[in-house]
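Student: Here it is, the structure in full.
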Amino acid sequence: MGLFKKLKKKWNDWYYHDIDDDDEAFDWEEDEQQPRDDSFYADKDQRAVYVLGELEKMAEAADKLEECQAEYDAVTSLLVDIEEIEALPKHQRLDIMDVAQKIESLERQRHNIFAKTGRLSDADINILERYEEDIPAGINKIKEAEEYRRLIKSDLHKLDRERQATHQRKKDLTMLIANSRGIAIICAVAMIVCLIGLALLNFVYDMDVSLGYLIIAGAGAITLTVIYVKYVSANQELGNISKVINKLIALHNTVKIRYVNNTNLLQYMYMKYDVESSDELERKWNVFVEEEKARRLDEKLKADLEYYYDKLTGLLKTGKIKDPDIWTHQAKALYDNREMVEVRHALIGRRQKLREQMEYNENLATSSRDTIKDLGRRYPQYSAEIAGMVKNFNGL
């Protein structure tokens with residue numbers, strides 16, 4: 001019985017040697033880390049998909065870097081202004097603090113007018129006033145980013161389903177190839193047994209078995225031909241599936257990078273407006289706009305505020321503050337040190353978030369550029385083709 005088990009194990013090892021039992025637990029992340037050998041790069045289609053994927057990463061990173069850099073410079077400028085304000089002479093600081101207190105008092109009265117409805121908090125009103133001119137465009141930008149995120153997630157789900165279907169087909173083909181080998185062996189053994197039987201009938205009993213030989217030969221030829229055709233077809237399809245898997249990996253990498261950048265953008269916009277969705281910001285904005293009556297009562301206060309806004313910006317300009325208009329909507333920070341600390345902390349947090357996005361995209365662009373250069377050095381026979389792809393891509 002022990003000998004039989006050993007023979008059965010050897011048979012199974014040979015019969016199913018192409019079948020990977022771990023396919024059922026195939027990990028998407030492991031797909032991305034599959035090594036690429038010379039045969040991979042020798043295939044023109046796979047090579048083109050790979051290089052274009054890296055170029056798309058670089059283009060995506062460059063666009064996001066440009067967006068983040070502009071916002072990063074604006075936030076940095078505000079932090080520099082804080083240092084300039086704190087370094088002003090005492091008499092200038094006192095004048096600024098006096099005007100800032102008047103502005104804060106008038107704004108508090110305005111807040112009270114709106115807060116009577118109880119539909120918006122003081123913090124909401126402050127943010128809506130601060131970004132009053134930007135919010136309509138901001139709502140549209142967040143909505144577009146949220147819709148883009150939905151589309152990206154849909155693409156990722158589709159790619160994942162396609163990946164699972166592809167690996168299932170790969171497993172089925174591997175099983176078909178293994179079964180074809182087994183059936184071919186069984187047919188061959190059956191033919192040999194039948195031929196031996198016919199030969200015994202012919203020589204021992206002197207029977208005419210020529211028709212039997214023809215039937216066995218014909219049946220065997222047809223069966224083996226059918227098995228061979230299926231075997232060759234399955235092998236060819238199995239080879240094509242490997243190319244499909246690599247293309248899916250390239251697409252998944254590109255879409256995932258877009259998802260990361262989209263998520264970072266949404267997180268930043270949510271942080272800026274202190275909301276969790278475009279719907280929440282739109283609802284608050286609509287409430288703010290609908291308060292027509294409160295706004296009419298607010299006209300006189302607003303006129304007074306405009307006077308002190310101009311006065312405050314004039315005082316700040318004499319102190320060489322680059323963006324004095326920003327401080328008209330956070331005047332409290334100019335006379336309350338604790339509020340200034342909070343403003344600085346919030347700006348540092350926003351700048352850190354932007355820096356992380358910039359570093360992520362810088363590393364991504366550098367990695368993709370180095371990957372393409374390394375590919376050209378490792379395979380000089382393809383360097384001209386790769387250079388042409390880079391030139392054409394940059395020219396689009």
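Student: Sort the following peptides by mean Cβ neighbour count (other Cβ atoms within 10 Å, averaged over residues), highest first: 362-369, 249-256, 89-96. Display every interim value, and only then the final one.
Tutor: Values: 362-369: 16.1, 249-256: 18.5, 89-96: 13.1.
Peptide ranking by packing, descending: 249-256, 362-369, 89-96.
Student: Quick one: check the C-alpha center-to-center distance for segment 197-232 versus segment 287-345, whole angstrom.
Tutor: So the separation of the two Cα centres works out to 100 Å.
Student: Next question, about the same structure. Would you mind checking the tilt of helix 278-290 against the longest principal axis of the Cα atoms of the chain, expressed as 0 to 90 degrees and rounded to 10?
Tutor: 30
Student: Per residue of segment 84-100, in order, report the coupling 6.51 cos²θ - 1.76 cosθ + 1.60 (Karplus, θ = phi - 60°) as ³J(HN,Hα) in whole Hz, putting x for Gly and Pro.
Tutor: So the Karplus estimates, Gly and Pro as x, are 5, 4, 5, 8, 5, x, 4, 5, 5, 4, 5, 4, 5, 5, 5, 5, 4 Hz.
Student: Evaluate the charge dipole of the chain about its Cα centre and quote only its size in Debye, nearest 20, assuming +1 on the Cβ of each Lys and Arg and -1 on the Cβ of each Asp and Glu. Each step should come with its number before you reach the end.
Tutor: Details: 59 positive and 72 negative charges, 166 e Å.
With only Lys, Arg, Asp and Glu charged at Cβ, the dipole is about 800 debye.
Student: Using only Cα atoms, tell me the angle between helix 383-395 and the longest principal axis of the chain; keep it within 0 to 90° and round to the nearest 10.
Tutor: 40
Student: Which of these values of Cα Rg over 2.2 N^0.38 Å was calculated from the structure shown: [x] 1.71; [y] 0.92; [z] 0.99?
Tutor: [x]
Student: Place +1 on the Cβ of every Lys and Arg and -1 on the Cβ of every Asp and Glu in the chain, take the dipole about the Cα centre, and give the residue among Tyr231, Leu173, Met207 whose Cα lies farthest towards its positive end.
Tutor: Towards the positive end, the residue furthest out is Met207.
Student: Sort 264-276, 129-141 by the packing proxy (mean of other Cβ within 10 Å over each peptide's residues), most packed first.
Tutor: Numbers: 264-276: 16.8, 129-141: 14.7.
Top to bottom by mean Cβ count within 10 Å: 264-276, 129-141.
Student: What ranking do 78-84, 199-205, 173-179, 159-165 get when scored by the average of other Cβ atoms within 10 Å per residue, highest first?
Tutor: 173-179, 78-84, 159-165, 199-205
Student: Rounded, prolate or oblate: pick one for segment 61-138, where a ≥ b ≥ c are the square roots of the eigenvalues of its C-alpha gyration tensor, a/c under 1.5 means rounded, and failing that, prolate if a/b is larger than b/c, else oblate. Can you show the working numbers first?
Tutor: Working: a/c = 4.03, a/b = 1.13, b/c = 3.57.
Cα axes put segment 61-138 in the oblate bin.
Student: Another question, then. Could you derive backbone 3J(HN,Hα) for segment 301-315 from the dihedral phi with the Karplus parameters 6.51, -1.76 and 1.60 (θ = phi - 60°), listing whole Hz in sequence and x where the residue is Gly or Pro?
Tutor: 4, 5, 4, 4, 5, 4, 4, 6, 4, 4, 5, 5, 5, x, 5
Student: Mind checking the dipole of segment 135-290: about its Cα centre, +1 per Lys or Arg Cβ, -1 per Asp or Glu Cβ, Debye to the nearest 20?
Tutor: Details: 20 positive and 16 negative charges, 90 e Å.
For this selection, approximately 440 debye.
Student: Which one, Met358, Ser278, Ala387, is farthest towards the positive end of the dipole of the chain when Lys and Arg carry +1 and Asp and Glu -1 on their Cβ?
Tutor: Value computed over the given set: Ala387.
Student: For segment 146-191 and segment 59-105, what is the centre-to-centre distance using only Cα atoms, to the nearest Å?
Tutor: Computed from Cα coordinates, the inter-centre distance equals 58 Å.
Student: May I ask you to evaluate 6.51 cos²θ - 1.76 cosθ + 1.60, the Karplus curve with θ = phi - 60°, for each residue of segment 162-168 and list the ³J(HN,Hα) values in order in whole Hz, giving x for glycine and proline?
Tutor: 5, 4, 4, 5, 5, 5, 5
Each reported figure results from applying straightforward, stated rules to the coordinates on display, with no laboratory input. This structure is a prediction, so every number in the text was calculated from the model and none was measured. Don't worry about glycine lacking a Cβ; one is built from the backbone with ideal geometry, like all the others, and counts go over all protein chains shown.
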